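Worksheet: the structure to be examined is printed underneath.
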Amino acid sequence: MVIKPNVRFFFTCLMIAGCLSTTHAATFDDFNDGIDDGWRRYNPIPGKFSFPIESGSVAYKMESPWGSLLSPGRIGSINMNEPAHTKFHVEADLLNWTYNWGEDIGLLARMQEPIPSFFLPKGYALLLRNDKDGNPASRRLMIVKSMGGISLPVFLTKGQGRLMVPAPDPSGDYRLKFWSSGGFLWGQIIDKSTGAAIMMSDGATYTDRISAAEDGAYPSGRSGLIAYVHIVSYRAEGVSPIFDNFYSGTDAPSAPSP
C-alpha cells in the first residue's frame, strides 16, 4: 500500500509551526500593569524597582544607591520573555535619570546566562554616560562589552559619540536603540520631542548613530536594561533611570513607539 502525503495538511502544519516559532520572536512591555513579570531583576546592592507615572503613563524605574568603592551602585533587569537572540534589535524610552555625574544607563543585548547576582553580567550594552562634573557637554553614547567578574567594561566605540548635539537632558524624553546588522553593533538616541536622532561627533565628523565591529565574544543572549555608577571616588547620588515602552526582537518594530 502506498501512502500519499496530505500536502494541504503538511503546509498547514508548517504555517502553524511558523506562527508558533515567531510568537516569542519579539516582546513589548509598556509596564502599564505596574508589574515586571517575565523580567529577572539584577539587584546586588540592593536597590529599588517601582512603577511611577512619567510623561503621562506608567513607567519602570530602577534605583540604586552610590554603593561603595568595592561595590559601586548597579541595578538592572533582564528580559526573560523571549529566547536568546543572535541578531537583535532592542529599544526603550529613557524618560528621566539622576542629574548626577559618574553614571552609565542604557540597554543590554546578548546577556549571558546564568545572570550573576553580584558582578556585572557578561554581554553588550548601549550606554548613555554622564561623565566628569555633570556638564551636558560631557555626556556621550557608547557601546561596551562587559566581561563579567572584576573586569572593567571594554569600550568598543572608542571616540564615537563623544559630543552630542543637543546633549540629552533628564528633563527631556528620549528613545534608545541598539541593534546588530552587517557584522556591526549599532546604537542611536532619538529625541522624542522632534522624532529626530541626536547627532554625535568623534571630534572630526558628525553622525546620527554609533557602531562597533562584532568581536564574536558573545554570539547570542538576552536583552535588558542596566544602570550603574562608574565613578566611585566620592560619595554620589547613585542612579535612578526611568524607562518605558521596551521592545526586543530580531528586527526593528513594525510601528514606532508611542
Check on residue 108, under 19 Å from the mean Cα position of the chain (by Cα), under 22 Å from residue 34 (Cβ atoms) and of a type outside the set (Gly, Ala, Ser) | no
Filter the strands (runs of 3 or more DSSP E) completely within segment 142-258 down to those with at least 2 residues that are charged (D, E, K, R) and buried (at least 18 other Cβ atoms within 10 Å of the Cβ).
-> 174-181
Selection from segment 154-209 of residues that are modelled with pLDDT under 95, of a type in the set (A, V, I, L, M) and over 20 Å from residue 110 (Cβ atoms) | 163, 164, 165, 167, 200, 204
All positions within segment 51-82 that are over 18 Å from the mean Cα position of the chain (by Cα) and within 18 Å of residue 192 (Cβ to Cβ) = 52, 53, 54, 55, 56, 57, 58
Within segment 193-244, work out how many residues are within 21 Å of residue 62 (Cα to Cα), touching a strand residue (DSSP E or B) at 6+ places or on another chain (Cβ under 7 Å) and not polar (S, T, N, Q).
-> 16
If we scan segment 33-42, do we find a residue that is touching a Lys or Arg at 6+ places or on another chain (Cβ under 8 Å), closer than 21 Å to residue 170 by Cβ and at pLDDT 95 or above?
-> no
Among 228, 247, which is the only one that is hydroxyl-bearing (Ser, Thr, Tyr), under 16 Å from the mean Cα position of the chain (by Cα) and closer than 19 Å to residue 140 by Cβ?
-> 228
Breaking point among (1) more than 23 Å from residue 175 (Cβ to Cβ); (2) free of Cβ contacts under 8 Å to residues at least 24 places away in the same chain; (3) buried (at least 16 other Cβ atoms within 10 Å of the Cβ), for residue 114 | (3)
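The values are calculated or read from the model by the stated rules, or taken from the named source; none is laboratory data. These numbers come from a predicted model, not from an experiment. Here the Cβ is made from the backbone with ideal geometry for all residues, glycine too, and neighbour counts use every protein chain on show.
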